Ligand SMILES: Nc1ncnc2c1ncn2[C@@H]1O[C@H](COP(=O)(O)OP(=O)(O)OP(=O)(O)O)[C@@H](O)[C@H]1O
Ligand SMILES: [Mg+2]
């Protein structure tokens with residue numbers, strides 16, 4: 001068993017409350033990704049689970065065991081950081097063997113464990129090299145190998161790929177996913193990278209100011225963000241927001257344009273008349289003007305990305321971004337007619353910024 005559970009977990013430094021009553025149940029073999037702005041308590045939470053930081057209140061369990069006061073080495077957890085430090089004078093093999101030797105595991109057992117982990121990570125030809133003879137991505141894989149050979153109950157990753165260039169990030173990300181499929185250990189993974197969060201996670205936990213804002217599968221948090229904050233945090237480029245008011249089955253923007261509410265006829269928005277809202281539309285949910293409901297704006301900036309084009313345009317008082325087909329290259333200043341699918345429009349209460357249940 002290697003489930004993990006946080007119950008009313010608290011961390012304060014002096015009078016500064018950093019982690020504010022986190023409740024989270026992580027299943028055995030689950031891959032959970034923590035995201036949130038800088039300083040929201042992600043690393044602190046991992047460090048409390050690893051035993052590197054004391055907890056101020058609440059409870060942490062690994063499996064059935066309460067580990068609140070257990071020293072790190074008795075928690076059976078391996079952690080991989082962004083700035084993993086390999087021993088520069090030891091070979092890759094010795095780096096991977098070190099923590100096992102310290103634990104008194106025999107060489108006869110260490111050898112096959114390292115061989116297996118090295119094979120899985122594609123670093124077998126590198127075992128005799130020193131870290132200075134490796135690329136950044138290879139070093140990162142050695143750091144992971146060092147964690148894997150310990151066969152812990154839980155892996156913690158704190159932004160492990162953020163020092164790598166884009167191509168390597170992609171490669172190592174795929175390796176981490178493969179690793180999880182192969183060994184099925186529980187993983188808790190912190191990242192700032194949207195793609196890592198969406199592709200790796202069974203569930204994503206969005207933290208804000210030391211509290212959980214939403215927990216859900218990648219599809220749930222992308223399709224049904226619980227708040228303006230989650231809508232803006234998950235997805236890249238970020239969701240567009242504009243102020244509006246609901247009148248007669250439409251949401252009307254400050255600038256005058258309106259979008260019909262797709263569920264109006266189903267009677268689900270009856271109680272919303274006159275309500276001030278924040279409207280959320282993802283850049284990828286704009287469609288050609290002929291499809292969906294047409295809006296008229298004015299083009300401000302055009303960014304061709306090869307695979308698609310980003311158009312930043314003015315709509316009344318707001319500036320919105322649309323991701324459209326690569327052939328679409330309007331000029332700045334031009335009038336823009338663009339469609340939006342009313343069923344993909346998100347509504348949030350203007351005062352609470354929580355999603356309006358429909
Ligand atoms: N030893 C400490 N004493 C006082 N405050 C601390 C200490 N360690 C961390 N903090 C504060 O706790 C908050 C959370 O820090 P933490 O490292 O968990 O953030 P994070 O979510 O990992 O951010 P990032 O994305 O930048 O890594 C920060 O405001 C930080 O300044
Ligand atoms: Mg951190």
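Every residue, every condition in (1) assigned to a helix (DSSP H, G or I); (2) within 16 Å of ligand 2 (Cβ to nearest atom); (3) free of Cβ contacts under 8 Å to residues at least 40 places away in the same chain, yes or no:
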site	(1), (2), (3)
61	no, no, no
68	no, no, yes
93	yes, no, yes
108	yes, no, yes
112	yes, no, yes
Any hit, region 207-217, residues being away from ligand 2 (no atom under 16 Å from the Cβ), closer than 16 Å to residue 160 by Cβ and either under 9 Å from the mean Cα position of the chain (by Cα) or assigned to a loop (DSSP other than H, G, I, E, B) (or both): no
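Condition first: away from ligand 1 (no atom under 15 Å from the Cβ) and touching a helix residue (DSSP H, G or I) at 6+ places or on another chain (Cβ under 7 Å). Now tell me which residues in region 61-83 satisfy that. First the steps, then the outcome.
Restricting attention to region 61-83, the residues satisfying the condition of being away from ligand 1 (no atom under 15 Å from the Cβ) are 61-78.
Listed by number, the residues that qualify are 72, 75, 77, 78.
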Those residues of region 37-55 which are surrounded by fewer than 22 Cβ atoms within 10 Å (Cβ to Cβ), within 12 Å of ligand 1 (Cβ to nearest atom) and not in a helix (DSSP H, G or I), in sequence order: 37, 38, 39, 40, 52, 53, 54
Residue under evaluation residue 57, criteria (1) out of contact with any helix residue (DSSP H, G or I) (no Cβ under 9 Å at 6 or more places or on another chain); (2) over 22 Å from residue 199 (Cβ atoms); (3) within 16 Å of ligand 2 (Cβ to nearest atom), criterion not met: (3)
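Table: residues versus (1) in contact (Cβ under 8 Å) with a residue 40 or more places away in the chain; (2) under 14 Å from residue 285 (Cβ atoms); (3) surrounded by 14 or more Cβ atoms within 10 Å (Cβ to Cβ).
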{"residue": "303", "(1), (2), (3)": "no, no, no"}
{"residue": "309", "(1), (2), (3)": "no, no, yes"}
{"residue": "324", "(1), (2), (3)": "no, yes, yes"}
{"residue": "332", "(1), (2), (3)": "no, no, no"}
{"residue": "335", "(1), (2), (3)": "no, no, no"}
{"residue": "339", "(1), (2), (3)": "yes, yes, yes"}
{"residue": "343", "(1), (2), (3)": "yes, yes, no"}
{"residue": "353", "(1), (2), (3)": "yes, no, yes"}
{"residue": "357", "(1), (2), (3)": "no, no, no"}
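Give region 70-79 a look and list any residue that's assigned to a loop (DSSP other than H, G, I, E, B) and crowded, with 17+ Cβ neighbours inside 10 Å, or say none. Write out each step before concluding.
Filtering region 70-79 down to residues assigned to a loop (DSSP other than H, G, I, E, B) leaves 70-71, 75-76.
Once the filter is applied, which keeps residues that are assigned to a loop (DSSP other than H, G, I, E, B) and crowded, with 17+ Cβ neighbours inside 10 Å, region 70-79 yields 75, 76.
Where a number appears in this text, it was derived from the coordinates with a stated rule and is not lab data. Fair warning: this is a prediction, and the values are worked out from it, not measured in the lab. Quick reminder, even Gly has a Cβ in these numbers, built from the backbone with ideal geometry, and neighbours come from all protein chains shown.
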